[in-house]
Structure formats: C-alpha cells, structure tokens
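The values are calculated or read from the model by the stated rules, or taken from the named source; none is laboratory data. Computed from a predicted model, the values in this text were never measured in an experiment. So basically every Cβ, Gly included, is an ideal-geometry build from the backbone, and we count neighbours across all protein chains shown.
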Amino acid sequence: MDFLRPASWEEALAAKAEHPTAVPIAGGTDVMVEINFDHRRPEYLLDLNRIGELSEWEVGEESVRLGASVPYTQIMENLRGELPGLALASHTVASPQIRNRGGVGGNLGTASPAGDAHPALLAAGAEVEVESVRGSRLIPIDEFYTGVKRNALAADELIRAVHVKKADGPQQYSKVGTRNAMVIAVCAFGLALHPRTRTVRTGIGSAAPTPVRAKTAEDFLNAALEEGGFWDNGKIITPSVAKQFADLCSAACNPIDDVRGTASYRRHAVGIMARRTLTWTWESYRGTAAATEGVA
Amino acid sequence: MRVNFTVNGRPQEADDVWEGESLLYVLRERLGLPGSKNACEQGECGSCTVRLDGVPVCSCLVAAGQVEGREVVTVEGLADFAKQRAEHGGCATGACGSAEKAGTSLDAAKQWAAKGHDSQTGEGVELSPIQEAFIDAGAVQCGFCTPGLLVAADEMLERNPNPSDADIREALSGNLCRCTGYEKIMDAVRLAAARQSAPEGV
Ligand SMILES: Cc1cc2nc3c(=O)[nH]c(=O)nc-3n(C[C@H](O)[C@H](O)[C@H](O)COP(=O)(O)OP(=O)(O)OC[C@H]3O[C@@H](n4cnc5c(N)ncnc54)[C@H](O)[C@@H]3O)c2cc1C
Ligand code: FES
Ligand code: FES
C-alpha cells in the first residue's frame, strides 16, 4: 500500500488522475473501519487532511458552498441557521468523536442509503461540486446516488464541495433507531418547506437502494397547499391532506428486510415521520407568518 | 513509512509504519503507550479516544499517515496537559509557544502507571483533576473504558466548565462502559466540574 499526501487540491487531483484506484481518506470513519477489518486493501490511500480549503465553507446569496471535509461538528455549530436540516441530521450521526472527523464529502463518497446527510441534502436542494484534472462539474443531488453504495463520481474525480441551498423556511430531520447516539438509521426522513417557491421537498433514508425523494408526495402536497391557499392563509394542514402525503411518502419507499428492521416497518415509520415533520415545519411556518403579520 | 508527530507535547518518530495502520496501533505497539485502549476498532466504543490537534477523536479511525506533523494527547499525558492548561490559561497544547520543555516524555508516559503507589487511590501519582474525580467517585471498575472517558470528559470540561447532565451525557455518548452503569461516571464528571468552579482552597 502507498500513502499519498497531497499538500494542495491540484496535487490531489493529479494524484487521483495518475492512480484512479486510489481511495481518498478524509475523516476516515468509513475507510478505516474497512481497513481495520480487512474488508478493503487499497493499493493507494489518498489523504485529504492537508488540503485546508476542503474544511472551509462559504455562505453565498443562494447557497452555502460546504467543503467536502467540513466535519459534522462544525456544521452543527456554525451553519444551523443556513442549513437547519443538515445541522439536525449531522447531530444524529454517531458520536462527538465521529462527528469531529466525519463529514458530508465522506458520506457522499460512501453513498450508503443510511447516510444521514442525504435526506437533508435532498430536501434542502443541493449540487455536488466534483473535479478532476479534466475539469469541474456540478452534479444535482437527485442524480448523484446511482445504486447501493454507488455514486456518480468518475474514477479520476474528487468531491470538492457541496452547494446546499440556504433555508428559506423551516426544515426538519427525523431518524428511527434504537438509541439516540451511535445508531445507523433504521430509516430517516428529511423535509424542507420552501415558502419562496411555495414548494415542499423531502428526502428518505434507508428505505430504498439509494436515498430518494418522495416526488409524488411532494407534487400532491404542493398542489393541495396551493389549491387551499395555505401558504397565504397559514391555516393548519387538513388532516386528510397530511395523511395522503404520509401514505404517498410510504409508497415512495422500496425497502428491504434486514437486521435493523423489516420492509413493512420501514414503510410504516417513513409515513409517521413524514406526517410529523410536515406538522412540525408547518406549525413553525405558521408561527413565523403570524408573527410577521402581527408586526406589520 | 516513517511518521513524525507530537505526542503529549514531545516530538516522536514512529518507524516501519504500515500505510494502512491506525494511530491507535502506532501509539500502542510502536510507541509503547497502551493507555489508549483497543476494544472495537470501529469507532463504536470510544476507548481509544485521544485528542488530535485538540479535538477528541477515535484513534482507531485515524490513519497513521494523517497525523504527520500534528499534535496528539493521550491519557498518559493528560495530567501534564491539565496542569499546563491551568497554568497557561487554556492553552495546553504548546501551540501558543513557551512550552518547549513542557510535555510528557515517552519514557515518563510509558511508566505512568508503574510507580508502585496505592493503586486503589492513585495516591502519590500525579493525576489530572478529572482522573482524581473518577477515583473519588468510584467511576472505575475494570478500567477498560476509563482512558477514553477521561480524555473525552476533560475536553468537555475545558469547553464547558458548567455542564448540565444532558451536556455530560451528550459529550460522553461515544464512550461505552460495560461495568459501571454510567451513574458513577456522571458523578465523577459532576464532581470534577464542581471542583473546577469552586474558588481556590475550598
Ligand atoms: C461508529 C460509527 C458510527 C457511524 N454512524 C453514522 C451515522 O449515524 N450516520 C451516518 O450517516 N454515518 C455514520 N457513520 C459513517 C461515517 O461516519 C460517515 O459516512 C461519514 O460521513 C464519513 O465521512 P469521513 O470523512 O470519515 O469519510 P472517509 O471514511 O474518509 O471516506 C468515506 C468514503 O468517501 C470517500 N471520500 C471521502 N472524501 C472524498 C472526497 N473529497 N472526494 C471523493 N471521495 C471521497 C472515501 O474514499 C470513502 O470511500 C458511522 C461510522 C462509524 C465508524
Ligand atoms: S477502539 Fe476505537 S472506538 Fe473502539
Ligand atoms: S469500567 Fe469496565 S468498561 Fe467501564
């Protein structure tokens, strides 16, 4: 095995081009487990820790450009306002020690259907900035996950950053597991209200071969909210609408039975989480809408 | 490969390191510092917790090559680390200069536990406040989880001198203990926090 330690992003891209089989290592919280247990013996390890800009973020007009190696702890502490869904999801990852090392770049690299960043990114809206010596491209998050633990990266590409849309409304993240800490999701659900475009977006984790959005459920809800004038009148969402939304979210799942839970439990739980996160975010939206009106 | 890094304030060099080796393995098997424990090698138990550039991490999940040029504090250096922090007002890593002669030598660290004092109370051995609190509260049974808990708890108290019970639980949520049921550990951390905030001499 060779240990490659590029000191700059350009050097890292050159190393990855020269050794396409090299395994990048950022926080190491996925890679090292595989090496410790001999599940993986890469020819080359490509250390990304020395590349400072990967651990930085920039808050722009529309979105946050989040460096691939920014650890979850930093997201929780510094980006709760801009990226509330991702900050909540980050807080559910493993333990402080793991959150101090692991980040969204590694989560995307592994592309596990259970990765906690994914539902939050899907719900918020995001693009993955990837680069190789050939150039740079932005991959819409919906197109990034291509199969179980597979993603849209080419062999010579590295993830530079994720561009996550800044929240323009309340966001929630919900996860089912056996305890609060150190738990891989049985299933998870992210939801974001986007009052500016009058849309709701979702993300489902651990209930299909890849993280997915519940698009039919979103379309139904967007139409129902528009039709009932809910964005303007700030009324509570009709229980029948919430139920239909939850059912459609369950239907968007394509889960399996495994050690963590059965397929039917997952479908059921996703429906519950969908209804709850919708209620929580909508209550919060109504609260702020009412407050603004009161002031004006 | 060769890895040069700072351990407990002193520069160290590890030779013949395999490229896929963990920091934990280097500490235990190459530098002779077995304080950090190896229980799961998959980040689940926290018994290998050390500080990497001040941040608590599972040393079993850090590749040895990633620590080149960086600073590691292990449980063996915790007493010195805490002492310097007390003296230098917050900076115990030596990163803020002055601390050239500071730190714990490898030999001293290796012999840390072998001083032949009363092993029940740790009397005579220099301890950090968090270590003293663990002994006084009876928070150690088999002791396997203790080094990781000490490093994690010490770091929390550095950041948050007056933690709530929820803060303590959160900060230690990555450390498993199979013996104590955690209550005594909670007591120990509360005790260390109370002593830390009590005025001098009380
Ligand atoms: C005990 C434990 C508990 C865990 N619990 C959770 C949990 O609750 N939720 C969760 O989502 N995850 C969990 N994980 C998994 C892991 O912590 C996350 O997936 C984390 O986000 C990985 O980030 P990392 O920087 O450590 O990745 P690494 O291990 O460094 O890398 C992971 C993968 O991404 C690739 N990669 C990393 N950076 C880049 C880049 N810039 N460009 C291209 N490829 C890259 C690597 O080659 C590798 O394939 C857990 C892991 C452990 C050990
Ligand atoms: S040995 Fe590292 S977390 Fe268990
Ligand atoms: S004292 Fe035995 S594991 Fe904690």
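Selection within the stretch B:1-44: residues that are under 15 Å from the mean Cα position of the chain (by Cα), over 20 Å from A:F3 (Cα atoms) and within 16 Å of ligand 2 (Cβ to nearest atom). The member of this set that is nearest to the other protein chains (Cβ to nearest Cβ) is B:N38. The selection criterion, being more than 9 Å from chain B (Cβ to nearest Cβ), under 20 Å from the mean Cα position of the chain (by Cα) and in a loop (DSSP other than H, G, I, E, B), does not hold for A:V64. For A:V164, indicate whether it is hydrophobic (A, V, I, L, M, F, W, C), buried (at least 24 other Cβ atoms within 10 Å of the Cβ) and farther than 20 Å from A:G27 by Cα. Answer is yes for this residue.
With respect to B:G77, is the statement that it is surrounded by fewer than 17 Cβ atoms within 10 Å (Cβ to Cβ), modelled with pLDDT of 95 or more and small (G, A, S) true? Considered against the rule, which asks whether it is surrounded by fewer than 17 Cβ atoms within 10 Å (Cβ to Cβ), modelled with pLDDT of 95 or more and small (G, A, S), B:G77 comes out as no. Does A:L193 count as hydrophobic (A, V, I, L, M, F, W, C) and surrounded by fewer than 23 Cβ atoms within 10 Å (Cβ to Cβ)? Spelling it out, it is not the case that A:L193 is hydrophobic (A, V, I, L, M, F, W, C) and surrounded by fewer than 23 Cβ atoms within 10 Å (Cβ to Cβ). Within the stretch B:21-65, the set of residues being within 16 Å of ligand 1 (Cβ to nearest atom), outside any helix (DSSP H, G or I), among the small types (G, A, S) and buried (at least 22 other Cβ atoms within 10 Å of the Cβ) comprises B:S22, B:G43, B:G46, B:S47, B:A63.
Every residue, every condition in (1) touching a helix residue (DSSP H, G or I) at 6+ places or on another chain (Cβ under 7 Å); (2) not polar (S, T, N, Q), yes or no:
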{"residue": "A:I139", "(1), (2)": "no, yes"}
{"residue": "A:V162", "(1), (2)": "yes, yes"}
{"residue": "A:K165", "(1), (2)": "yes, yes"}
{"residue": "A:Q171", "(1), (2)": "yes, no"}
{"residue": "A:V183", "(1), (2)": "no, yes"}
{"residue": "A:R198", "(1), (2)": "yes, yes"}
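Here's the yes/no breakdown for (1) β-branched (V, I, T); (2) at pLDDT 95 or above; (3) assigned to a helix (DSSP H, G or I):
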{"position": "B:E132", "(1), (2), (3)": "no, yes, yes"}
{"position": "B:F144", "(1), (2), (3)": "no, yes, no"}
{"position": "B:P147", "(1), (2), (3)": "no, yes, yes"}
{"position": "B:A153", "(1), (2), (3)": "no, yes, yes"}
{"position": "B:D167", "(1), (2), (3)": "no, yes, yes"}
{"position": "B:E170", "(1), (2), (3)": "no, yes, yes"}
{"position": "B:I185", "(1), (2), (3)": "yes, yes, yes"}
{"position": "B:R190", "(1), (2), (3)": "no, yes, yes"}
{"position": "B:E200", "(1), (2), (3)": "no, no, no"}
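Taking (1) touching a strand residue (DSSP E or B) at 6+ places or on another chain (Cβ under 8 Å); (2) surrounded by 20 or more Cβ atoms within 10 Å (Cβ to Cβ) in turn, A:A17 satisfies each apart from (2). Screening A:T210, A:T288, A:T277 for residues that are surrounded by fewer than 19 Cβ atoms within 10 Å (Cβ to Cβ), touching a Gly at 6+ places or on another chain (Cβ under 9 Å) and polar (S, T, N, Q) leaves exactly one candidate, A:T288. Per the listing A:E53, A:E11, the residue uniquely over 26 Å from the mean Cα position of the chain (by Cα) and away from ligand 2 (no atom under 16 Å from the Cβ) is A:E11. Identification of helices (runs of 4 or more DSSP H) wholly contained in the stretch A:75-159 with 3 or more residues that are within 16 Å of ligand 2 (Cβ to nearest atom), more than 14 Å from chain B (Cβ to nearest Cβ) and more than 26 Å from A:A274 (Cβ to Cβ) yields no element.
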